[in-house]
Amino acid sequence: MEGGRKVSASPRGPWSGVRRRRVLANKRPRTDGFVNSVKKLQRREISSKRDRSFSMTNAQERFRNMRLTEEYDTHDPKGHCSLVLPFLMKRTKVIELVAAHDIVFALAHSGVCAAFSRESNKRICFLNVSPDEVIRSLFYNKNNDSLITVSVYASDNFSSLKCRSTRIEYIQRGKPDAGFPLFVSEYLKWPGFVEFDDVNGKVLTYSAQESIYKVFDLKNYTLLYSISDKHVQEIKISPGIMLLIFNRAQSHVPLMILSIEDGTVLKDFNHLLHRNKKVRNAELKEVSRTEFMTPSAFICLYENQLFLTFRNRTVAVWNFRGELVTSFEDHLLWHPDCNTNNIYITSDQDLIISYCKADSDDHWKEGNAGSINISNILTGKCLAKINSSNCNIEVDGCYRSDSTSRNQYRSYLMRNRVAEALEDITALFYDEERNEIYTGNRHGLVHVWSS
């Protein structure tokens with residue numbers, strides 16, 4: 001799975017092919033939605049903690065009393081009165097959530113993005129600063145405390161990507177138009193793209209018209225170096241390095257490894273191909289197909305030399321020798337497409353938080369509420385679960401004998417509200433500083449779960 005954040009800008013529509021790590025000016029819709037939240041898994045550093053039992057206990061306590069506390073709505077026809085695109089005024093699902101400095105940013109499928117304050121529990125503003133702007137993706141740049149929005153515009157037939165950086169403090173003041181454009185000299189039409197790499201603090205752009213890749217500093221957006229080669233088919237980013245994959249030759253694929261800091265060539269070699277055989281060399285271990293089924297997607301955890309695999313709604317952890325390290329005891333994903341908009345990995349990469357099936361019953365209905373499961377990545381143990389039956393329900397008033405019936409009814413209503421909030425979750429984010437989980441659903445609503 002590659003690094004960066006990628007989202008497509010298609011001439012066929014303003015929403016085609018949303019991908020998180022790399023923002024791609026794409027020609028057709030993409031179905032590999034799993035790549036969308038790769039930043040949540042790959043961009044963070046891994047820490048090996050000595051006292052894992054304490055860490056697990058601490059995690060259980062953190063999530064034990066999680067309850068539904070707030071609800072925000074990204075849809076507001078009155079607030080959209082300045083928008084000229086009819087579809088921006090429609091209620092659509094939440095596709096991406098980002099939190100920074102007590103602000104929750106919610107991006108709807110329509111392209112409308114709203115910012116909500118956790119202090120005042122009110123919407124601060126919409127981030128669409130132009131009446132024909134369709135926001136495609138969000139990226140919080142911790143290097144300079146700003147939010148980067150990637151957008152397409154009706155005036156451009158939604159065909160090219162435009163980036164804008166806005167400091168969080170301006171958004172807190174309700175001034176989203178105080179930001180400034182990024183990479184204005186770059187021609188980001190299909191198949192061009194922009195990729196944000198939080199691990200290395202870099203931005204990679206590709207201008208298809210000129211066949212030029214450029215690497216910028218994520219701190220101040222200055223150009224570091226360029227790569228001009230029409231034969232480069234793809235670039236993969238890893239901590240400290242970039243892998244250039246060239247057009248395939250008859251018997252091999254030319255590869256080149258560069259230093260991501262200055263573009264210095266570290267290694268240049270050919271990867272041999274064998275007809276009717278899997279690509280391999282002396283350094284790779286071939287695992288039996290019965291032991292390791294081909295996953296639909298996987299994420300490398302480089303520091304621990306492990307990787308997560310996703311297949312048929314299940315998650316597993318493997319080492320680089322092809323040996324199974326962890327099977328999760330209760331972590332069956334709700335969505336079959338492994339969309340990581342509904343998955344979050346903590347900064348220590350020890351916990352995975354996902355939107356899952358509420359139970360192990362295979363005969364479940366599409367409209368039933370799911371659950372938010374928190375599991376330990378190294379042990380597979382389910383540490384906590386938020387669902388309509390075990391979510392801590394808080395009811396106002398005293399539990400006196402003469403008010404028992406009334407409070408039972410309030411509790412019943414609250415449980416129904418919780419169940420509704422756990423239906424059709426389309427985006428999930430965990431704020432580690434506030435210890436809060438944010439979820440968005442197909443109705444454009446954002447729910448806050450806190451203790």
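Take the residues in segment 89-105 that are part of a strand (DSSP E or B) and open to solvent by 10 Å² or more (accessible area, probe 1.4 Å); name whichever of them is farthest from His75 (Cα to Cα). Walk me through how you get there before you give the answer.
Our first condition is that a residue be part of a strand (DSSP E or B); within segment 89-105, this holds for 94-100, 103-105.
From the residues that got through so far, the ones that are open to solvent by 10 Å² or more (accessible area, probe 1.4 Å) too are 95, 99.
Working: Ile95: 13, Ala99: 19 Å.
My answer is Ala99.
In segment 57-83, the residues that are loosely packed, with under 14 Cβ neighbours inside 10 Å form Cβ pairs under 7 Å with partners that are modelled with pLDDT under 90 and polar (S, T, N, Q), at six or more places apart or across chains, as follows: Asn65/Asn392; Asn65/Ser451. Elements of the type strands (runs of 3 or more DSSP E) sitting completely within segment 185-258 and holding at least 1 residues that are open to solvent by 50 Å² or more (accessible area, probe 1.4 Å) and touching a Leu at 6+ places or on another chain (Cβ under 8 Å): these cover 232-238, 241-246.
Results for (1) assigned to a loop (DSSP other than H, G, I, E, B); (2) open to solvent by less than 20 Å² (accessible area, probe 1.4 Å); (3) of a type in the set (A, V, I, L, M); (4) at pLDDT below 80, shown as yes or no for each residue.
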| residue | (1), (2), (3), (4) |
| --- | --- |
| Asn373 | no, yes, no, no |
| Asp402 | no, no, no, yes |
| Leu413 | no, no, yes, yes |
| Asn416 | no, no, no, no |
| Glu420 | no, no, no, no |
| Phe429 | no, yes, no, no |
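Note on segment 131-144: residues that are closer than 21 Å to Gly192 by Cβ and open to solvent by 10 Å² or more (accessible area, probe 1.4 Å) amount to 1. Is it the case that segment 112-121 has a residue that's crowded, with 17+ Cβ neighbours inside 10 Å and in contact with a Cys (Cβ under 8 Å, 6 or more places away or on another chain)? Scanning segment 112-121 turns up at least one residue that is crowded, with 17+ Cβ neighbours inside 10 Å and in contact with a Cys (Cβ under 8 Å, 6 or more places away or on another chain).
May I ask you to verify whether Asp359 is at pLDDT 70 or above, of a type in the set (D, E, K, R) and over 30 Å from Asn304 (Cβ atoms)? When the stated conditions are applied, Asp359 does not pass them. Suppose the filter is modelled with pLDDT under 85, under 28 Å from the mean Cα position of the chain (by Cα) and open to solvent by less than 90 Å² (accessible area, probe 1.4 Å); does Phe320 pass it? In short, no.
Determine, yes or no, whether Phe158 is on the phi > 0 side of the Ramachandran plot and surrounded by 14 or more Cβ atoms within 10 Å (Cβ to Cβ). Answer is yes for this residue. Considering segment 145-155 alone, what residues qualify as being under 19 Å from Pro191 (Cα atoms) and open to solvent by 10 Å² or more (accessible area, probe 1.4 Å)? Those that are under 19 Å from Pro191 (Cα atoms) and open to solvent by 10 Å² or more (accessible area, probe 1.4 Å): Tyr153, Ala154.
Only a single criterion out of (1) in a strand (DSSP E or B); (2) in contact with a Leu (Cβ under 8 Å, 6 or more places away or on another chain); (3) closer than 26 Å to Asp132 by Cα is not satisfied by Pro181, namely (2). The single condition from (1) in contact with a strand residue (DSSP E or B) (Cβ under 8 Å, 6 or more places away or on another chain); (2) under 24 Å from Glu423 (Cα atoms) that Ala154 fails is (2). When the residues of segment 259-279 are filtered to those that are open to solvent by 90 Å² or more (accessible area, probe 1.4 Å) and either modelled with pLDDT under 90 or farther than 20 Å from Val232 by Cα (or both), the one that is nearest to the chain's Cα centre (by Cα) is Lys278. For segment 318-350, a residue qualifies if it is hydrophobic (A, V, I, L, M, F, W, C) and part of a loop (DSSP other than H, G, I, E, B), and the qualifying residues are Phe320, Phe328, Leu332, Trp334, Cys338.
Take the conditions (1) modelled with pLDDT under 95; (2) in contact with a Ser or Thr (Cβ under 7 Å, 6 or more places away or on another chain); Lys214 misses just one of them, which is (1).
Out of segment 165-184, which residues are of a type in the set (Val, Ile, Thr) and open to solvent by 20 Å² or more (accessible area, probe 1.4 Å)?
Step one: list which residues in segment 165-184 are of a type in the set (Val, Ile, Thr), which gives 166, 168, 171, 184.
Correct list: Val184 only.
Pairs linking a residue in segment 114-137 that is touching a residue at least 40 places away in the same chain (Cβ under 8 Å) to a residue that is among the acidic types (Asp, Glu), with Cβ atoms under 7 Å and 6 or more positions apart or on different chains, are Ser117/Asp102; Arg118/Asp102; Asn121/Glu70; Val129/Asp177; Ser137/Glu96.
The values are calculated or read from the model by the stated rules, or taken from the named source; none is laboratory data. These numbers come from a predicted model, not from an experiment. Note: ideal-geometry Cβ built from the backbone for every residue, glycine included; neighbour counts use all protein chains shown. Surface accessibility is based on the protein's heavy atoms, side chains included, excluding ligands, DNA and RNA. Shrake-Rupley method; radii C 1.70, N 1.55, O 1.52, S 1.80 Å.
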